[in-house]
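First the structure, in the form of structure tokens, and then the observations on it.
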Amino acid sequence: VVANSPSLAELAQVADPVSVTVIPNGVDTQYYRPSGNNIGVKGAPLRLLLVGRFHRQKLIPETIQWLAQAKSQGIEFLVTIVGDGPERDAVKTTILEENMAEIISLKGWLGKDELLRQYQQADCYLSLSSYEGMPNTVLEVMACALPVIASDIPPHRLLVEHQVTGYLVGLDRPECLADQLVELVSDRRRGRTMGEVGRRLVRDRYSWKVVAKSYMALS
């Protein structure tokens, strides 16, 4: 598991040690927004969402195993996984081996509007990949006011502030995932507050308007 991959800026400086300006990806914060109806009901299972290509870097089979450990501790949640890819069979096998079929729904790839509805219906987003670039999906879900539980890797640290907009989980301590889920289950208001802070962060730093201004400033 590669848990501390270098950032794009660090790689660029190694290749050519000159000053580099990094302009992040942007997100349409008018389109990606909370619905106003995605407030979890107290006592209901936590609605978790994963979106991504079923590729080794995403650690989806491992995430399912870690969720199974959390379930064994009595934490109640439902999981929706959107995506497909070369690890499809491994994902399906892990679901069966961990007896998670009743609480995990595999959606395959979805259109843009249906994916937005999944964002708006969830209580929390999971991204426990071993490495990333600038994860667009994390930006999108944060714009929809979802708290994020993410692996503690450099690209996620740029977006997710631990215990402020979500939680960072070390891949060497995946058992901490259960601790974060307990917090969200026991205090739904905390999750909503983190989601609201995350949306403000994305709106202020990563909206298309802000990114466009960054490009204009280069000229």
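Count, please, the residues in the stretch 94-120 that happen to be crowded, with 16+ Cβ neighbours inside 10 Å and either of a type in the set (G, A, S) or in a helix (DSSP H, G or I) (or both).
Adding up the residues that qualify gives 7.
Tally time: how many residues in the stretch 63-73 are aliphatic (A, V, I, L, M) and either open to solvent by 10 Å² or more (accessible area, probe 1.4 Å) or more than 21 Å from G170 (Cβ to Cβ) (or both)?
Final tally of qualifying residues: 1.
Can you name the number of the only condition in (1) assigned to a helix (DSSP H, G or I); (2) touching a helix residue (DSSP H, G or I) at 6+ places or on another chain (Cβ under 9 Å) that Y125 fails?
Unmet for Y125, out of (1) assigned to a helix (DSSP H, G or I); (2) touching a helix residue (DSSP H, G or I) at 6+ places or on another chain (Cβ under 9 Å): (1).
Got at least one residue in the stretch 142-156 being at pLDDT 95 or above and on the phi > 0 side of the Ramachandran plot?
yes
Would you check if there is a residue in the stretch 74-85 being open to solvent by 40 Å² or more (accessible area, probe 1.4 Å) and assigned to a helix (DSSP H, G or I)?
No: zero hits.
The values are calculated or read from the model by the stated rules, or taken from the named source; none is laboratory data. No experiment lies behind these values; they were computed from the predicted model shown. Virtual Cβ from ideal backbone geometry, glycine too; neighbours counted across all protein chains shown. Calculation scope for accessible area: heavy atoms of the full protein, side chains included, ligands and nucleic acids excluded. Shrake-Rupley method; radii C 1.70, N 1.55, O 1.52, S 1.80 Å.
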